[in-house]
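The values are calculated or read from the model by the stated rules, or taken from the named source; none is laboratory data. Only a predicted model underlies this, so the values are computations on that prediction, with no experimental measurement involved. Here Cβ is always computed from backbone atoms with ideal geometry, including for glycine, and neighbour counts include all displayed protein chains.
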Amino acid sequence: MPRFLTERDVRSLVGWDDMPEAVGIVERAYREKAAGRATCFPRATVQYPPDDGYYTDVTIRILPGIVPALGSAALRVYANHHAAPVTEPRHHHQETRPRQVRPEKGPTMTRLFMLVALVLLAAAAPATAQDAYPSRPIDVIVPFPPGGPLDTAMRIMQPALAAALGQPIVLQTKAGGGGALGMDFVAKAKPDGYTLAGSTTTTLTILTAMRSDVPYKPSDFAAIANAVTDLGVISASAKGPWKSIDELIADAKKTPGKYSYGSAGVGTVSHLMFEMFKQSFAVDIAHVPFQGSGPVKNAILGGHVQLAGSGISTMAPLVKGGDLVALVTTSPRRVAAFPGVPTMAEKGFPEASINISIALFAPARTPREIVARLQGAVEKALKDPRVVAAIEKTGMVIDYQDAATAQRAIDAESQVVLKIVNKLGLRK
């Protein structure tokens, strides 16, 4: 269906005080038509009201290949030719709602504009969706709240990604349902490269394996690239009685069900990680799900839970500050920041070495050329020394994988997780 430009579109494209820049309306419409994002009407009038009491009617006709060659000069001639006064001056701040600009049914454009257009038509090279991409800001949905490894990693990468793509990257938090809310939003978004997900891979592996009510499927997404990995850690409040994992296990066996742990939500790495810990050591510790790692951190500091499962990047500052005690990690080897903390593999449970992978995703059916463009931007961003230093400072590690490699890793993780979930009886 055709989408008419509204007064809000005009305002955002050209501004109130710069009439010559109305050419941006034509160029935007042309790009959207070429990209298949909108059906551009062949002819429309945009009423552009400046503050001097005059409305300027700009009539636009879209012809393939013309707009890039015409530039602003011919449009100005035509726009100025159609300037017309209004009886009662009105100002843009008096508008209460956008006014649709509808297609005209009148004759074609002025002979001057048509003549210039037709002369340039043969020389103009049509643009493609991929050539033009990206032509506007890109929204990246973050399905977990601030304070956790995902939000931290995305904010570190944001400036470098924007620089690599030449367009702003707008991070939008849509938390809820263990990440399901935000991921479902992206799954249903138009596959044009302007709505992406920056998420942990768990929203496609663990969450879909654990919960039958997740409204999307892993196949609803196209992997762009894996970016960062955060290692898992089980920590306790420094005010508690345990200073080692062995002390916790001995106490938990004596008092089953007495203690509780917080996770970033049902179907997250922190949830599965702690359930595997419980199964490995045959202990009963109650689960309290939160909406992200940030709230978990607050809960354990506030004494609402005694234990927490999370990424190292979230808890490392609190461990170093003496507020928490790191008991065990899920890293395949000891973490340099915590050389005295054992791993689950050391304790005899290598299968419990599950960590947090952070990646970017696009809706399925996003053009391959756009995915490739985004993949290249991620790779470039992760080579930026400032990004590398900031990521490493958090305790996370750069773990770049291209789209194909990341997708294979997700598929493999899904198979492993499904077996674990079925073994532990965690599907709901």
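Suppose the filter is touching a helix residue (DSSP H, G or I) at 6+ places or on another chain (Cβ under 7 Å), closer than 25 Å to Lys393 by Cβ and of a type in the set (Ser, Thr, Tyr); does Thr203 pass it? Let's see the steps before the verdict.
Values: touching a helix residue (DSSP H, G or I) at 6+ places or on another chain (Cβ under 7 Å): yes; closer than 25 Å to Lys393 by Cβ: no; of a type in the set (Ser, Thr, Tyr): yes.
Criteria not met by Thr203.
Here Ser212 does not fit the description of being among the polar types (S, T, N, Q) and part of a helix (DSSP H, G or I). Per this entry, Gly267 is counted among residues that are within 26 Å of Met154 (Cβ to Cβ) and not in a helix (DSSP H, G or I).
A single entry from Ala412, Ala404 fulfils the requirement of being of a type in the set (A, V, I, L, M, F, W, C), at pLDDT 90 or above and not in a loop (DSSP other than H, G, I, E, B): Ala404.
When Ser219 is tested against (1) assigned to a helix (DSSP H, G or I); (2) farther than 30 Å from Lys190 by Cβ, just one condition goes unmet, and that condition is (2). Regarding Ile245, is this residue touching a Ser or Thr at 6+ places or on another chain (Cβ under 8 Å), outside the structural domain of Thr173 (by TED's automatic domain parsing), in contact (Cβ under 8 Å) with a residue 24 or more places away in the chain and not charged (D, E, K, R)? For Ile245, the condition - touching a Ser or Thr at 6+ places or on another chain (Cβ under 8 Å), outside the structural domain of Thr173 (by TED's automatic domain parsing), in contact (Cβ under 8 Å) with a residue 24 or more places away in the chain and not charged (D, E, K, R) - is not met.
Mind checking which residues of the stretch 277-299 are part of a helix (DSSP H, G or I) and either surrounded by fewer than 23 Cβ atoms within 10 Å (Cβ to Cβ) or touching a Gly at 6+ places or on another chain (Cβ under 6 Å) (or both)?
Start the filter on the stretch 277-299 by keeping residues that are part of a helix (DSSP H, G or I), which leaves 277-281, 293-299.
Answer for the stretch 277-299, where residues must be part of a helix (DSSP H, G or I) and either surrounded by fewer than 23 Cβ atoms within 10 Å (Cβ to Cβ) or touching a Gly at 6+ places or on another chain (Cβ under 6 Å) (or both): Lys278, Gln279, Ser280, Phe281, Ser293, Gly294, Pro295, Val296, Asn298, Ala299.
Close contacts from the stretch 168-196, counting a first residue that is in the same structural domain as Arg368 (by TED's automatic domain parsing) and part of a strand (DSSP E or B) and a second that is surrounded by fewer than 18 Cβ atoms within 10 Å (Cβ to Cβ) and modelled with pLDDT under 95, with Cβ to Cβ under 8 Å and a gap of 6+ residues or different chains, come to Thr173/Pro146. For the stretch 396-424, a residue qualifies if it is in contact with a Pro (Cβ under 9 Å, 6 or more places away or on another chain) and farther than 26 Å from Asp192 by Cβ, and the qualifying residues are Met396, Ser414.
May I ask you to verify whether Lys253 is farther than 30 Å from Lys393 by Cβ, surrounded by fewer than 24 Cβ atoms within 10 Å (Cβ to Cβ) and in the same structural domain as Leu318 (by TED's automatic domain parsing)? Full working, then the answer.
Numbers: farther than 30 Å from Lys393 by Cβ: yes; surrounded by fewer than 24 Cβ atoms within 10 Å (Cβ to Cβ): yes; in the same structural domain as Leu318 (by TED's automatic domain parsing): yes.
Considered against the rule, which asks whether it is farther than 30 Å from Lys393 by Cβ, surrounded by fewer than 24 Cβ atoms within 10 Å (Cβ to Cβ) and in the same structural domain as Leu318 (by TED's automatic domain parsing), Lys253 comes out as yes.
Of the residues contained in the stretch 266-275, one or more are found to be touching a residue at least 12 places away in the same chain (Cβ under 8 Å), over 30 Å from Thr366 (Cβ atoms), in contact with a helix residue (DSSP H, G or I) (Cβ under 6 Å, 6 or more places away or on another chain) and not small (Gly, Ala, Ser). For residues that are under 22 Å from Val416 (Cα atoms) and modelled with pLDDT of 90 or more, scanning just the stretch 348-365, find the one that is surrounded by the most Cβ atoms within 10 Å (Cβ to Cβ). Going through the qualifying residues, I end up with Phe361. Here Phe338 passes the criteria (1) assigned by TED's automatic domain parsing to the domain that holds Pro143; (2) buried (at least 17 other Cβ atoms within 10 Å of the Cβ); (3) outside any helix (DSSP H, G or I) except the one numbered (1). Annotation: Ala308 fulfils all but one of (1) modelled with pLDDT of 90 or more; (2) among the small types (Gly, Ala, Ser); (3) part of a loop (DSSP other than H, G, I, E, B); the unmet one is (3). In summary, Ser270 fulfils each of the numbered conditions (1) assigned by TED's automatic domain parsing to the domain that holds Gly240; (2) at pLDDT 90 or above; (3) out of contact with any Leu (no Cβ under 8 Å at 6 or more places or on another chain) with the single exception of condition (2).
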